[in-house]
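This report refers to the structure that appears directly beneath it.
The values are calculated or read from the model by the stated rules, or taken from the named source; none is laboratory data. Bear in mind that the values here come from a model prediction, so they are computed numbers and not experimental data. Cβ coordinates were reconstructed from backbone atoms using ideal geometry, including for glycine residues, and neighbour counts include every protein chain displayed.
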Amino acid sequence: MCLSEQSMDDVFLPKSDLDEYPINRDYYTPLDALDLKKTKQSWIALLYCESTKGYGTSYRLYMWRNFKGQSTWKVALCNISIDDNILIPDNLKRIIMFKQKARN
């Protein structure tokens, strides 16, 4: 079934408790999130955040690592705003086409 054919309430969007996301709260407050991948060692999530500095809201892509022997998640140098570039529908279509081409 196509996503547009079903209610957004029926779509499972996995996420952790917003308090669990290890982002710098001096700059951003998470309003919503989508866990793309979460294992014992890596965590990738798309967060919808509000700027604490008054710059509005934005979608941000984060990646964290949890190395053996550590008890906290560390940012893995992936923390970017993706509002005006990746989330444009045409770019999402291009990403899917690229993925399909790469697998063939």
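Looking at region 58-65, is at least one residue over 15 Å from the mean Cα position of the chain (by Cα), surrounded by 13 or more Cβ atoms within 10 Å (Cβ to Cβ), modelled with pLDDT of 90 or more and within 22 Å of residue 30 (Cβ to Cβ)? Within region 58-65 (the criterion being over 15 Å from the mean Cα position of the chain (by Cα), surrounded by 13 or more Cβ atoms within 10 Å (Cβ to Cβ), modelled with pLDDT of 90 or more and within 22 Å of residue 30 (Cβ to Cβ)), the answer is no, since none of the residues qualifies. For residue 85, state whether it is out of contact with any Ser or Thr (no Cβ under 6 Å at 6 or more places or on another chain) and either part of a helix (DSSP H, G or I) or acidic (Asp, Glu) (or both). Criteria not met by residue 85.
Which of the residues spanning region 66-82 are outside any strand (DSSP E or B), surrounded by fewer than 14 Cβ atoms within 10 Å (Cβ to Cβ) and touching a Lys or Arg at 6+ places or on another chain (Cβ under 8 Å)? 67 - this is the single residue of region 66-82 that is outside any strand (DSSP E or B), surrounded by fewer than 14 Cβ atoms within 10 Å (Cβ to Cβ) and touching a Lys or Arg at 6+ places or on another chain (Cβ under 8 Å). Among the residues of region 66-102, those identified as at pLDDT below 80 and of a type in the set (D, E, K, R) are 83, 84. When region 18-42 is filtered for residues that are assigned to a strand (DSSP E or B), hydrophobic (A, V, I, L, M, F, W, C) and out of contact with any Lys or Arg (no Cβ under 7 Å at 6 or more places or on another chain), the ones remaining, listed by number, are 31, 36.
Applying the set (1) over 12 Å from the mean Cα position of the chain (by Cα); (2) touching a residue at least 12 places away in the same chain (Cβ under 8 Å) to residue 99 leaves exactly one unmet item: (2). So which of 55, 59 is touching a Leu at 6+ places or on another chain (Cβ under 8 Å) and either without any contact (Cβ under 8 Å) to a residue 40 or more places away in the chain or small (Gly, Ala, Ser) (or both)? Criteria check complete, one pass: 59.
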